[in-house]
Amino acid sequence: MFSNVYKNKKVLITGNTGFKGSWLTFWLRSLGADIIGVSKDIPTSPSLFEVTQLNDYISFFDKDIRNLDDVIELISSLNQISFFILQHRQLFHLHMKIQLIQLLLM
């Protein structure tokens, strides 16, 4: 069903070091996606992200998505990406979402 949907596609996952983000990263990598992970820290110990050594297979950025300048800098350096935003405690504020969408549409 998803065999070629994500093959060779860039996918940005926020919260990729958490449990759900790690599973999503692992699954999308198995479908051939090029993962860009963004997370402020590793939330648990032990961590699925560390145990599976996902950091060796993705582009990882230790950034806080609440910092709009960091997000804009990162996204502007990428082309044609898909998003999975998983950090429930650090969701974008409405104005940040609007600015991000405007940046992507430029």
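Derivation of every value follows stated rules applied to the coordinates shown; laboratory data play no part. Not measured: the values here are computed from a predicted model.
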| Cross-link partners among lysines for residue 40, C-alpha distance below 22 Å, same-chain residues fewer than 8 apart left out? | 10, 20, 63, 97
| said: If amide hydrogens are placed 1.01 Å from N in the peptide plane, which non-local residues have theirs closer than 5 Å to the one on residue 9? | reply: 34
| Integer Hz, Karplus 6.51/-1.76/1.60 couplings in order for the stretch 27-44, x for Gly and Pro | 5, 5, 4, 5, 8, x, 6, 9, 8, 10, x, 10, 7, 6, 7, 9, x, 9
| query | Amide H to amide H under 5 Å from residue 63: which residues, 5+ apart in sequence or cross-chain, H placed 1.01 Å off N in plane? | reply | 39, 40
